[in-house]
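Beneath this line is the structure, given in structure tokens, with notes to follow.
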Ligand SMILES: [Zn+2]
């Protein structure tokens, strides 16, 4: 009879283990970590996209501006070489103005090139992050799938253990079961065995009179830890 109580204890310890395992699976710290990281990556992608748009608009503005200046310059050239202006002072002024326009074209072109370069840089970064997001999405899916199958296995184990527990409880006399569960309220493991007159639950010596009783196959409580103490193999 005693061996069934030990078996029951064993099954209940395994149930506890599986329940903790399930809790761990539900917590899914690793998946949570990935999902948080994924959110960050996506946020960063949005930021890069905005930046890309900004550089594009700015370089377009500069391009338009350069075109305008070039147009003005062309008109000036026509005037300058068209023979409209005869006096040297006027010509000199126009030439000076043309030079100024050329300088601004250079300056704006330089700025436009800078914007284009920045745009290319963010495009490269965008590509990197888009790949990262894709990999991360795949990893999350993989983890979710893994978690699902892991959970199914543990749940099935748990279900089997619970069935085993019910089966064994049916064999154990009611009084013994009640005693077992009363002790279980205070101790995770209500069962202990005597080895060399020592209780395996608390490692204290067992009194002779208790040893005599349990040697005869009686179930007795350890006077120290109040566990059911028995001789193994009975
Ligand atoms: Zn004890």
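The values are calculated or read from the model by the stated rules, or taken from the named source; none is laboratory data. Since we're looking at a predicted model, the values are computed, not measured. Reconstructed Cβ throughout: ideal geometry from the backbone, glycine too, with neighbour counts over all protein chains shown.
Observations, loosely collected:
Per-residue answers, yes or no, for (1) within 30 Å of residue 14 (Cβ to Cβ); (2) out of contact with any helix residue (DSSP H, G or I) (no Cβ under 6 Å at 6 or more places or on another chain); (3) surrounded by 11 or more Cβ atoms within 10 Å (Cβ to Cβ):
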residue: 54; (1), (2), (3): no, yes, yes
residue: 70; (1), (2), (3): no, yes, yes
residue: 83; (1), (2), (3): no, yes, no
residue: 98; (1), (2), (3): no, no, yes
residue: 101; (1), (2), (3): no, no, yes
residue: 134; (1), (2), (3): no, yes, yes
residue: 140; (1), (2), (3): no, no, yes
residue: 146; (1), (2), (3): yes, yes, yes
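- Among the criteria (1) assigned to a loop (DSSP other than H, G, I, E, B); (2) modelled with pLDDT of 95 or more, the one residue 178 does not fulfil is (1).
- Matching residues, segment 189-229, being away from the ligand (no atom under 14 Å from the Cβ) and either in a loop (DSSP other than H, G, I, E, B) or on the phi > 0 side of the Ramachandran plot (or both): 216, 217, 218
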